[in-house]
1. Restricting things to alpha carbons, tell me how big the stretch 236-300 is in terms of Rg and Dmax, in Å.
2. Which values of log₁₀ I(q)/I(0), to two decimal places, follow from the Debye formula for the stretch 27-134 at q = 0.18, 0.19 Å⁻¹ with a uniform point scatterer at every Cα?
3. Placing +1 on the Cβ of each Lys and Arg and -1 on the Cβ of each Asp and Glu in the stretch 93-178, which of Ala138, Leu173, Ser156 has its Cα farthest towards the positive end of the resulting dipole?
4. Modelling each spin label as a point 7 Å along the Cα-to-Cβ direction, I'd like the Ala164/Gln270 distance in nm, to one decimal.
5. Tell me, rounded to the nearest percent, the portion of alpha carbon pairs in the stretch 87-158 spaced more than 13 Å apart.
6. Sort out for me the Cα centre separation of the stretch 125-149 from the stretch 235-262, rounded to whole Å.
7. Pop the C-beta distance of Arg74 and Leu263 into the FRET formula with R0 = 45 Å and round what comes out to the nearest 0.05.
8. Calculate how many DSSP beta bridges within the stretch 17-116 are antiparallel, expressed in % of all such bridges and rounded to the nearest 5.
Amino acid sequence: MTAYEPPGDPGAGTRPAPRTDTAAYDAVVLAGGAARRLGGADKPGLRVGGRALLDRVLTACADARTTVVVAAPRPTARPVSWAREEPPGGGPLAALDAGLRHTGADHVLVLSADLPFLAPAAVGRLLAAARAGSADGALLTDADGRDQPLVAAYRSAVLRRDLAALTARHGGLAGLPLRRLTGGLHLTRVPDPVASFDCDTWDDVATARSRIREHEHVLDEWISAVKDELGLDLDVDTGALLDLARDAAHGVARPAAPLTTFLVGYAAAQSGGGPGAVAEAARKAVALAARWADETGRAAPDDKGNAGSAPAHESGAGETAPDDARPDAG
């Protein structure tokens, strides 16, 4: 057993660029379980932060060369391949074997479909750990130090070899527990209590939904949900946009904040889109808001000919508002 120290935080806060062939990996997502502890509910379809659990997992591994979901087909946020274990409901080993048949990369990411906080950064750490040294793969451990073999990256050849051996020994894989496979593998442990959190019970679902609405997470979660809903793959400086909204709200009128940011997005799309276009449109809007506030701060001369008050930026009243003055402040 080895513990892995990550060299960095690859892909944190961003949607990763497609990998080169030398670093390609495939993903197999197991989404066909019975969810008995949830009373048989459609667990992959449960929504956390406005997005189905399955879609949240698919977003985390969006740069996989091939993604196979083992379950009955359903609408998903991005295209995937579908497979079904034999017999349906035959358990995790039968499902993994069915999904693995559609992959070809040297490493395969194996995930359950109930991981609300899995992110590209955690996927990157898993893959880096799996590729390092001679281990058969790498898996996450949860807050209690328990192995999570369905949040893991494995050497595909090792899985195929051991699955074939188990099939020959037992006459099939249906009903066999996952530990029959993972118990004999040499695996690197990557501690991550957040990314390894899964939704096995209604209490787990409630915890996930509550956490996403906490102030320090809600904006990132909302932006990710909107991008998925609209089919956008665009990372922009949200801090700059929030500053623009604050300046428009304070220098013009509060309703100007959402309208201005909408117009910035529309202008960026008209000019070809991309983070650079958004930044340039936001820069122009910020400058306009400053000029607007400057004029507002200059009162007209009174009836005795005395000059009005100094503009806000000269009197100090127009200094940057603290963070809690932003429209997003809680």
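1. 12.0, 42
2. Those come out to -0.88, -0.97, one per q.
3. Sorting the options by dipole projection puts first Ser156.
4. For the pair Ala164/Gln270, the computed spacing is 6.2 nm.
5. On the way: 1740 of 2556 pairs.
Counting every Cα pair in the stretch 87-158, those more than 13 Å apart make up 68 percent.
6. Centre-to-centre (Cα) distance: 42 Å.
7. Details: r = 37 Å, r/R0 = 0.82.
About 0.75, to the nearest 0.05.
8. Details: 2 of 15 bridges.
So the antiparallel bridges in the stretch 17-116 amount to around 15 percent.
Each value in this text was obtained by applying a stated rule to the coordinates, not by laboratory testing. Keep in mind the model is a prediction, meaning the values are calculated, not measured. Cβ coordinates were reconstructed from backbone atoms using ideal geometry, including for glycine residues, and neighbour counts include every protein chain displayed.
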